[in-house]
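The block underneath contains the structure these notes are about, expressed in structure tokens.
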Amino acid sequence: MIKAEPRSIKRSLFPTFVLLSAIGVFANCQRNATAEIERPYIGWEDLPSILEQIEAPSFPDRDFEITAYGAVADNDSDIKPALDQAIEEAHTAGGGRVLVPAGDWYIAGPIHLKSNVNIHLSEGATINFSTDPKDYEPLVYTRFEGTELMNYSPLIYAYEQENIAVTGKGTFHGRATEDNWWGDWRQQGTPNIEMVRQMAEDGIPAQKRVFGNNTGLRPVFVQPYKCKNILIEGITFRDSPMWFVNPVLSVNITVRDITVVGLGPNNDGCNPESSKNVLIEGCYFDTGDDCIAIKAGRDADGRRIGVPSENIIIRNCKMLEGHGGVVVGSEMSGGVRNVFAEDCAMDSPHLERALRIKSNTFRGGFVENIHFRNVTVSEVADAVFRINLYYWGQSGEHYPSVRNVSMENVVVEKAPRAFYFHGREELPIKDVLVKNCQFNNISQPSVITGIENLKFENVRINGQPKER
């Protein structure tokens, strides 16, 4: 009996122990998801104070024209040596404008920006980038879909610089096609993408995650990394290997009046990542993936670095083709807060969604204070407003939280669904307001699960009032 008694006690306590353990695990997940969001809501009334924090950099009135350094506009001669020299001299002189005149130019490798330098493409100037991956070595410290690694240099790159700009009315052409960057990714990229993500999960330092070398991990087009005071204005970008404009861990960013055209794989238009105080205005997006997607690192790396994207303002933009117009996620493990999108037009039957938030319990992260108003949508191919916390079918122990999301004054002419809200019963989406919106020519009922405090005010679907 002396030996049997402990076993009997153990059996009687075992269900309670399991229950308490399960509750503890869930409580930990919930604390992880909510630790960053115990703060007051931020709304449209806070927008002016956020805008005051964003100011485009200015530059000394000095020009460094690349022809003075031997550059030739024959679309064959490599202008990289001349451009590098002009950038260095402008930087050494205390700043100025590196001027690229009208003409067709060829560059065999990346442009690396330095502090106080503005690369300016004159109207009629096109810089055509090499599509040979070897030209983007030596490798640099960068990210691939939210995971840090050593990889090919982005086509336009800056690391720990300040007061930098890319401006003008010219064109940067990445020249990516299925015959080069895009095809290389389809052939080789997937296993290497999984490898770098596993290295992050295993805690291998980013400097030891060495890729490049024809691994199919494509560079983004423009990436200021750990920079501040950035201006990207007026330029046309075409056919990127990967994402187009991707500031990472950067502060005070203005992206104004740019045109982004590229229908390749992962051709997102503008993806601020773990960055703060960003203004995206007057831009045109026709993309193969999301037009604008707010990111904050992926999975273990996103949580390790723990820097959210916050204070993102999007206004007066036009979105055509793409997976989503304004998107949060899915690489947002560091969290996203305070996103304001207004006065935009979405005009293509090939645009899939207008406003989209996506995560899962493997990515985790928090999303709060996402506001969307005064937007016209001619047609989308999926739900107009979609929140999916089961994205990609992945699961883990990092529960994403979403709260304080609003859509106001939106008119939609055609869509399969108005809403697709697929939240989690364990940690529901909270506090979503849809107000003064019209959804016309809707062919399917909305999907609404896992959400608390969803409010509709003056909302009509096919002319009928929408009630919860």
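Taking amide H positions as modeled 1.01 Å from N, with prolines and chain starts lacking one, the residues under 5 Å from residue 79 and 5 or more places away or on another chain are 106, 107, 108.
Placing +1 on the Cβ of every Lys and Arg and -1 on the Cβ of every Asp and Glu, with no other charges, gives the chain a dipole of roughly 2140 debye about its Cα centre.
Antiparallel beta bridges, as assigned by DSSP with both residues in region 64-260, represent about 10 percent of the total such bridges.
Rounded to the nearest 20, the size of the Cβ-charge dipole of region 64-260 about its Cα centre is 500 debye, with Lys and Arg at +1 and Asp and Glu at -1. Straightening the chain between residue 76 and residue 263 buys 64.7 nm, computed as 0.36 nm per residue apart minus the Cα-Cα spacing. May I ask you to list, by number, the DSSP H helices of the chain whose Cα span along the axis is at least 30 Å and whose average Kyte-Doolittle hydropathy reaches -1.0 or more? Span-like helices, by this rule, are 4-34. A dipole drawn for region 64-260 from +1 and -1 charges on Cβ atoms has a positive end, and of 213, 147, 83 the residue lying farthest that way is 147.
Distance from the C-alpha centroid of region 159-182 to that of region 303-317: 21 Å, rounded to the whole angstrom.
Listed here are the pairs 134/228; 276/435; 276/318; 134/295; 80/169; 114/318; which of them are more than 26 Å apart at the Cα? Pairs exceeding the cut-off: 134/228; 276/435; 134/295; 114/318. Positive-end ranking of 288, 349, 329 along the dipole of the chain, with charges on Cβ about the Cα centre, is headed by 329.
Which one of 240, 115, 251 has its Cα pushed farthest toward the positive end of the charge dipole of region 64-260, where Lys and Arg give +1 and Asp and Glu give -1 at the Cβ? So the residue furthest toward the plus end is 251.
Spin-label model, residue 190 to residue 178: label points 7 Å out along the Cα-to-beta-carbon direction sit 1.7 nm apart. Scanning residues 5 or more positions from residue 62 or on other chains, those with amide H under 5 Å from its amide H are 97, with H placed 1.01 Å from N in the peptide plane. Could you tell me what percent of the DSSP beta bridges with both partners in the chain are antiparallel, to the nearest 5? If I count the DSSP bridges inside the chain, around 5 percent turn out antiparallel. Given their separation in residues at 0.36 nm each and the Cα-Cα distance between them, residue 122 and residue 92 gain 8.5 nm when the chain is fully extended. Paramagnetic label reach from residue 374 (point 7 Å along Cα→Cβ; backbone nitrogen cut-off under 13 Å): within region 247-285, residues 282.
Each value in this text was obtained by applying a stated rule to the coordinates, not by laboratory testing. Since the model is a prediction, treat every value here as computed from it, not as a measurement. No Cβ is skipped: glycine too gets one built from the backbone with ideal geometry, and neighbour counts run over all protein chains shown.
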